[in-house]
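First the structure, in the form of structure tokens, and then the observations on it.
Just so it is clear, none of the values below were taken in a lab; they were calculated from the coordinates. Keep in mind the model is a prediction, meaning the values are calculated, not measured. Ideal geometry is used to build each Cβ from the backbone, glycine not excepted, and the neighbour counts take in all protein chains shown.
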């Protein structure tokens, strides 16, 4: 169901332009993809957005504006004699009339008709129950974790050694034993959340798996539905993730995207960079540029550049940015929310010290502190830091160690799942994050 709204919107946009607007198929396709990218960037297809007609309408309008900007890039190339004012007006009117209603219907159908999937969990509820509750909420209770096999590993090992002959062993087997063929089964699948417990009942799991019973693992389920890797999950599956985070391969396409993207951005933002320079100088004099050592890939320090948005006052120790609001300049209160102060980082990207997409470049003292206090914090530095990133657009600015742990879970999801297409998605949704003033 999650893919159906996107496919349906693509079909409707294409039909609007090829049938109602009488465009050729390739022009209709360009218009369709451009507008769809705008809708996608503004998260029109998130379930919580689809459930709200007002939210859906606002995001469709914002997405349409972004899609129109994307479409205008094609205008001087081969659309100059084909698209006109009516192209934008008609597509906008039809989009705001059709898509919020369709998305609401699709949400209601999913909520009503999607059959819940019930899991038997091999693991301890007190250790991972809060993560499973979050997954259940994210899926609108379509994934349900109904029972836990929760003995101690020592007790299970005793039972295995005795051939599962005791009453408790029989009870465990009775809980696990079920089949997909029986419609009245209590469970639909088994979820493994503890590798240590899995080792003890591995033979039994293999036996059930061979009969067609679905065996799933917590890392796959958490990543799929939470789009992050909770640190508790990493701790449970430490052996698996340790291998994953040691992989440092980076696609050459990422560097190409960085060079092209930063070069184009420097040209596009140059008027705003000049204006920022003048306003900072008039308000607070020199220096215009703020320089600070930050941690890069493999924890190699580099000098990051930003337009100075705070008063030039020395501080004794590093602080989170929201703890220094009293220092923000008047021009800073304008350039910071829209991230114009960070446009100088395109130079860091050109030099190869940063990337367009990656974990936020952090201050050296914070990295030293968090490396000691937060497990797997080092893994976020296996890739280049980014101007934007998955954690930046998915979670608020981290102003405490607990926030840092949650933000790290998004960074590690990016490190594990990074691709050029994923980078393009993040770049698009960064526009939405800045527009909605969240994350970053």
Estimated 222 nm signal from helices in the chain, with DSSP H stretches of n ≥ 4 weighted -39500 (n - 2.57), rounded to 500: -17500 deg cm²/dmol
In nm, spacing of pseudo-spin labels at residue 259 and residue 275 (7 Å Cα→C-beta vector): 3.2 nm
Rounded tilt (10° steps) of 125-138 against the dominant C-alpha axis of the chain: 50 degrees
Treating each Cα of the range 98-143 as an identical point scatterer and ignoring solvent, apply the Debye formula and state log10 I(q)/I(0) at q = 0.15, 0.27, 0.32 Å⁻¹. -0.51, -0.97, -1.12
Between the range 240-313 and the range 39-82, how many Å separate their Cα centres? 28 Å
If each residue's Cβ is checked for other Cβ atoms within 10 Å, how do 13, 257, 8 rank with the fewest at the top? 8, 257, 13
For helix 252-284, what angle does its Cα long axis make with the longest principal axis of the chain, in degrees from 0 to 90 and rounded to 10? 50 degrees
If each residue of separation counts as 0.36 nm, what is the full-extension length gain between residue 435 and residue 251 once their alpha-carbon separation is subtracted? 63.3 nm
Projected convex hull area of the range 252-435, Cα atoms, direction-averaged, in nm², equals 10.0 nm²
What does the C-alpha gyration tensor say about the overall shape of the chain? Classify as rounded when a/c is under 1.5, otherwise prolate if a/b is larger than b/c, or oblate. oblate
Once you keep just the Cα pairs under 8 angstrom separated by 6 or more residues, what percentage relative contact order results for the range 36-104? 42 percent
Hey, what angle do you get for helix 25-41 against the long axis of the chain, alpha-carbon based, 0 to 90 degrees rounded to 10? 70 degrees
What residue among 348, 298, 210 has the largest mean-square fluctuation in a Gaussian network model of the chain, using Cα springs under 10 Å? 210
Taking 192, 243, 367 and counting other beta carbon atoms within 10 angstrom, the fewest-first order is 243, 367, 192
Exposure proxy check: 305, 103, 381, 130 ranked by fewest other beta carbons within 10 Å? 130, 305, 381, 103
Have a look at 11, 31, 426 and tell me which one the Gaussian network model of the chain (Cα, springs below 10 Å) gives the largest fluctuation. 11
Shape category assigned to the range 4-113 from the gyration tensor of Cα positions, a/c cut at 1.5: prolate
